[in-house]
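Data block below; observations after.
Only the coordinates and a few stated rules stand behind these numbers; no lab work does. Predicted model only: the values in this text are computed from it and were never measured. Cβ sites come from the backbone with ideal geometry, for glycine too, and all protein chains shown count toward neighbours.
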Amino acid sequence: MLVESHANLHHSDFADDLSDVALRSKAAGVETIVNICCKMEEFERVLTLSLSNINTWCTIGVHPHYAAEHQWLAVETLVEKSNHEKVIAIGETGLDYHYDFSPRDVQIANFQRHIEAAKTTKLPIVIHTREADADMMEILSCEYKKQSFRFVLHSYTSGAELAKLGSGLGGYFSVNGISTFKNAQSVRDIIKEHMPDDRIMLETDCPYLAPIPHRGKRNEPSYLPLIRDQLASIKGWSAAEAELLTSQAFFDLFTRARRP
């Protein structure tokens, strides 16, 4: 059984052939899928997709790219929306200093509201972090000292120090197609050296970041076995061990999700 922990099947790239994508995913052994909410106006679509299949789930949150458009967002709104049984996490949220589509102070305030919602609901938080290691480390450390919370650092491409801090706080990681890219040796090194074996999950982040040999094309959950095989190679696991460990990690973190 494979678990797709981070997908965007509500994206317009899937508007014309979503049913075919779902069939290919099933044929590839992908039994569980999580669709990720990145802005409030797409939540209803994300939730509707999760209701279409017993083994599909979703999240509620605002990506740092859209933080400036959501300064009105209250912790209470996130908490209220997360009450639905199909919502298994808060996010995607975090910090992105590569694009800086939203001012950094606005990103930080948005992220902190999501952390508060995660603490209130006891749901894990899905964290995006890019070129923001220092601020991310400070926020995680300070907020965790106030009250612990569960989290995953998804699509991890940041440095070793943040990885070590995240691991030390009990954080999880998710690995995607970037791990297959030729120029991503530093990512593979961190996966091997700093990601705990029992706290790694698989994701595609589709339609983005398709793994080799599909790089540059639309990504989809049926490519997840390619990521599984790459993770197994990095960690020295068999494919079966990679499936078992990553699936177990998913259900350990996302406790509201039910096994197929």
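Here the translational diffusion coefficient of the stretch 12-103 follows from Stokes-Einstein with Rh set to the Kirkwood radius across Cα pairs; for 10 °C and 1.306 mPa s it amounts to 111 µm²/s.
On the basis of the beta-carbon distance and an R0 of 41 Å, Asp17 and Ser167 show a calculated FRET efficiency of 0.60. Counting beta carbons within 10 Å around each of Tyr156, Tyr66 and listing the fewest first gives the order Tyr66, Tyr156.
Take each of the peptides 55-64, 168-177, average the number of other beta-carbon atoms within 10 Å over its residues, and list them starting from the highest.
Working: 55-64: 25.5, 168-177: 22.6.
Peptide ranking by packing, descending: 55-64, 168-177.
Counting other beta carbons within 10 Å of each residue's own, what order do Thr93, Thr77, Thr32 fall into, fewest first?
On the way: Thr93 31, Thr77 15, Thr32 23.
With the sparsest Cβ surroundings first, the list reads Thr77, Thr32, Thr93.
Looking only at Leu231, Leu140, Leu23, which one moves most when the chain is put into a Gaussian network model with springs between Cα atoms under 10 Å? Of Leu231, Leu140, Leu23, the Gaussian network model singles out Leu23 as fluctuating most. Enclosing the Cα atoms of the stretch 137-260 in their convex hull gives a volume equal to 109 cubic angstrom per residue.
Too long at a 27 Å Cα-Cα cut-off: which of Lys81/Lys146; Lys122/Lys145; Lys146/Lys235?
On the way: Lys81/Lys146 24 Å; Lys122/Lys145 16 Å; Lys146/Lys235 34 Å.
In this structure, Lys146/Lys235 lie more than 27 Å apart at Cα.
Structure remark: mean-square fluctuation, Gaussian network model of the chain, C-alpha springs under 10 Å; the largest value among Gln147, Gln107, Gln230 belongs to Gln147.
Please report the projected area of the stretch 2-253's Cα convex hull averaged over all directions, in nm².
If I average the Cα hull's projected area over directions, I get 12.1 nm².
So if we plug the beta-carbon distance of Asn55 and Ala134 into 1/(1 + (r/R0)^6) with R0 = 51 Å, what FRET efficiency do we get, rounded to 0.05?
Working: r = 39 Å, r/R0 = 0.76.
My answer for the efficiency is 0.85.
With viscosity set to 0.890 mPa s and temperature to 25 °C, compute the Stokes-Einstein D of the stretch 102-206, Rh being the Kirkwood radius across alpha carbon pairs; µm²/s, no decimals. Don't skip to the answer; put the middle values down first.
Values: Rh = 14.2 Å.
In µm²/s, the coefficient is 173.
Note on the chain: with a GNM built from Cα contacts shorter than 10 Å, the maximum mean-square fluctuation among Ile36, Ile139, Ile191 falls on Ile139. Considering only alpha-carbon pairs that sit under 8 angstrom and 6 or more positions apart, the relative contact order computed for the stretch 41-152 is 26 percent. For the stretch 113-168, the C-alpha radius of gyration divided by 2.2 N^0.38 Å, with N the number of residues, is 1.06.
Calculated FRET efficiency, Phe181 and Glu44, Cβ-Cβ r, R0 41 Å, to nearest 0.05? It comes to 0.75. Of the trypsin sites (Lys or Arg not before Pro) found in the stretch 228-260, the ones in coil according to DSSP and having at most 14 other Cβ atoms within 10 Å of their Cβ are Arg258.
A simple charge model with +1 on the Cβ of Lys and Arg, -1 on the Cβ of Asp and Glu and nothing else charged puts the dipole of the chain at about 480 debye relative to its Cα centre.
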